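Please treat every number below as a calculation from the coordinates, not as lab data. Predicted model, so just to flag it, every value in this text is computed and none were measured. Heads up, the Cβs are rebuilt from the backbone with ideal geometry, glycines too, and the neighbour counts pull from every protein chain shown.
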Amino acid sequence: MALNISKELEEQARREEGLWVDVGSGASVLMSDPRSNAFQKSLQREETQYRKRNGIRKGKDLTTDERADVMWRAMFKNVVREWKGFVTEDDKGGKEKPLEFTLENFLFLMNDVWRVREAVMAFAADDETFDDAEDREELAKNSG
């Protein structure tokens, strides 16, 4: 048996493109594999920028909240690609409007809406998410 480089590159591209993660009530988030090199590098850059913005010297431990902020910012740039099905009420009449995909809104969801945070974290923590998706795709091909 040999390592098929073409298949490896296809798998890598699929992991970067992402999978839709259901968060309930018709809302979902498109997420790439958080184990990517791009995310790891972004995490380091975000921590450096966070320390500069807040005057925290290198070597001093960040608090749990500070670490979470760094992680969410890096995830927004490299893991969470978009979302759909999120709405909020406007200020004028309580009409629903789509929640725009912005860093500010993402930080709000991660810090204040536990259902979304838990879905994103469960996806990020599950090493087999993409492997399971590949198995489902393969089963669909073989059964159809």
Going by amide H atoms built from the backbone, whose H comes under 5 Å of the H on residue 80, apart from near neighbours? 32
Between 18, 94, 85, which gets the highest mean-square fluctuation from a Gaussian network model of the chain, Cα cutoff 10 Å? 94
Residue by residue, what Karplus-based ³J(HN,Hα) values in Hz, rounded to whole numbers, does the range 98-113 have, using 6.51, -1.76 and 1.60 with θ = phi - 60° and x for Gly and Pro? x, 7, 5, 7, 10, 4, 4, 5, 4, 4, 4, 4, 5, 8, 10, 10
Could you pull out the pairs from 77/97; 52/97; 7/41 whose alpha carbons sit more than 31 Å apart here? 52/97
Residue span residue 2 to residue 54: 0.36 nm per residue of separation minus Cα-Cα distance leaves a gain in nm of 13.7 nm
Please report, in whole Å³, the volume per residue of the convex hull around the C-alpha atoms of the range 25-133. 121 Å³
What are the residues whose amide H is under 5 Å from the amide H of residue 88, where those residues sit 5 or more places off or on another chain and H is modelled from the backbone? 97, 99
At 20 °C in a medium of viscosity 1.002 mPa s, the range 20-86 has a Stokes-Einstein diffusion coefficient, with Rh taken as the Kirkwood radius over alpha carbon pairs, in µm² per second, of 164 µm²/s
So for each of 30-40, 68-78, 7-17 I average, over its residues, the number of other beta carbons within 10 Å; can you give me the resulting order with the highest mean first? 68-78, 30-40, 7-17
Residue by residue through the range 114-124, what is 3J(HN,Hα) from phi via Karplus (6.51 cos²θ - 1.76 cosθ + 1.60, θ = phi - 60°)? Round to whole Hz and write x for glycine and proline. 4, 4, 5, 4, 5, 5, 5, 5, 4, 4, 5
